[in-house]
Amino acid sequence: VLVRGHGIPEKLVSDLRQQLVDYFDRPLVDKMAERITPDNYRGYIPLGFFSPNTEGVTPDQYEGYKLHAEVAAEDPLCSACDLYGPNRWPGKPAGLQETTTAFWQACEATGQRLLDLIAQIMKVNVADFLANFDQPLTNMTLLHYPAQPPASDAMGIHPHKDTNVITLLHPGDVPGLEVRSRDGKWITPDAPSDALVVNVGEMLELWSGGEYIATPHRVANRSGHERYSFPFFVVPNHDV
């Protein structure tokens, strides 16, 4: 789905994209000092860290930085689920935390408006529906897809469906995102620069009884340019 009038300022989007250019251009040794660990799924994700569950397939060609909803370390909620807690923020570039936080807050507001509308469309009580998101496991990944040769079969990220409720994604000016149509063809969303791509996750497909369908999608960056992206994943409370 493409959404206009979403209220996320274009300058905020362009500022965040420039912050990502500066962050991922840092030396690898500096980024690896901030990498995710088995104890804390926050921080730097090295290039090729994830792979599809298929033998002999090239690992996903992206590097990233993982963030989750900010929860103070002393909050009792942290004992309920390991994914709650404070984020790790890199020291450089200056302004990355501030810009990302502002973008996060704008996405939260947009996400709440969309959830309200979804509840109305599904004819369920809006307040009860939104109560599922009062301590959300919402998260975001800051992504860098290195340019691949035009003939490359390497995936920036392999075909998959999101498992969450909805994902908000600014399409950017470098192509690469592809979605699978109902007839099985991979197509590029024709998204205007002022629109958000809103992707349905498997949780919403289940809740809606199939009224909304989780769309398979992938990224194949054969543009010859570096691609930067920052999907925002709307997820309910841990016990929903």
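The values are calculated or read from the model by the stated rules, or taken from the named source; none is laboratory data. Everything numeric in this text was worked out from a predicted model, so none of it was measured. Using ideal geometry, Cβ is built from the backbone for each residue, glycine included, and neighbour counts are taken over all protein chains shown. In case anyone asks, the SASA skips ligands and DNA or RNA and just uses the protein heavy atoms, side chains included. Shrake-Rupley method; radii C 1.70, N 1.55, O 1.52, S 1.80 Å.
List of remarks:
- When you restrict to C-alpha pairs under 8 Å that are six or more residues apart and normalise by the size of the chain, the relative contact order lands at 25 percent.
- Value of relative contact order over region 84-191, rounded to a whole percent, pairs C-alpha under 8 Å and six or more apart: 13
- Accessible carbon and sulfur surface of the chain relative to its total accessible area, %, 1.4 Å: 53
- The Kirkwood hydrodynamic radius of the chain, based on inverse pair distances between different Cα atoms, is 18.8 Å.
- Across region 25-159, the mean sequence separation of Cα contacts (distance under 8 Å, 6 or more residues apart), normalised by length, yields a relative contact order of 28 percent.
- When the Cα positions of L77, G201, Q18 are compared along the charge dipole of the chain, Q18 comes out farthest toward the positive end, with charges on each C-beta of Lys, Arg, Asp and Glu.
- Lys, Arg +1 and Asp, Glu -1 on Cβ, resulting dipole of region 170-240 about Cα centre, debye, nearest 20: 300
- Simple spin-label estimate for H238 and N125 gives 2.6 nm between the two label positions (7 Å along the Cα-to-Cβ direction from each Cα).
- Per residue, the accessible area of region 7-104 comes to 54 Å² when a 1.4 Å probe rolls over the protein heavy atoms.
- Pairwise FRET efficiency - E10 versus M32, Cβ, R0 = 51 Å, nearest 0.05: 0.95
- For region 106-240: accessible area per residue (Å², 1.4 Å): 47
- For I36, the solvent-accessible surface computed with a 1.4 Å probe is close to 20 Å², ligands and nucleic acids excluded.
- Here the dipole of region 59-115 is about 160 debye; that uses its Cα centre as origin and unit charges on the Cβ of Lys and Arg (positive) and Asp and Glu (negative).
- Order by protection proxy (mean Cβ within 10 Å, highest first), peptides 136-144, 38-46: 136-144, 38-46
- Charging the Cβ of each Asp and Glu at -1 and of each Lys and Arg at +1, and nothing else, the dipole of the chain about its Cα centre rounds to 500 debye.
- Of the trypsin sites (Lys or Arg not before Pro) found in region 169-240, the ones in coil according to DSSP and having at most 14 other Cβ atoms within 10 Å of their Cβ are R182, K185.
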